[in-house]
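The numbers here are math on the coordinates, done by the rules we state, and not lab data. Since we're looking at a predicted model, the values are computed, not measured. As a convention, Cβ positions derive from the backbone with ideal geometry for all residues, glycine included, and neighbour counts pool all protein chains shown.
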Amino acid sequence: HYAAADTPKGEIVICVGPSEATADEPADIDRLLRSLAAEMPASKAAAEAAKMTGGQKQALYRRLLELKDSGKDGDG
């Protein structure tokens, strides 16, 4: 064990990988989709959300369309 020896000398390298994919809560994904859709077209928002969450672009796009449709009903 290095603690028993003298202080380590030289460079130390730490490798950091991406975090493990976790199942995001549906409410979190809905919030993300709405936020992205406010700034870009729906297809691009779904693609960005897929990159960020690891989800499937088509499923996220369909969910975004559902959110937009339900938002129209609630606004009127």
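Here are the numbers for the structure shown:
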item: All positions within the stretch 41-62 that are over 26 Å from Pro18 (Cα atoms) and either surrounded by 13 or more Cβ atoms within 10 Å (Cβ to Cβ) or not basic (Lys, Arg) (or both); result: Pro41, Ala42
item: The stretch 54-66 residues that are farther than 13 Å from Leu36 by Cα and touching a residue at least 24 places away in the same chain (Cβ under 8 Å), paired with ones that are outside any helix (DSSP H, G or I) and among the hydrophobic types (A, V, I, L, M, F, W, C) (beta carbon under 7 Å, 6 or more apart); result: Gly54/Ala21
item: Any pair with Cβ under 8 angstrom, 6 or more apart, that starts in the stretch 32-50 at a residue that is touching a residue at least 24 places away in the same chain (Cβ under 8 Å) and ends at one that is in a helix (DSSP H, G or I) and of a type in the set (Phe, Trp, Tyr); result: Ala42/Tyr61
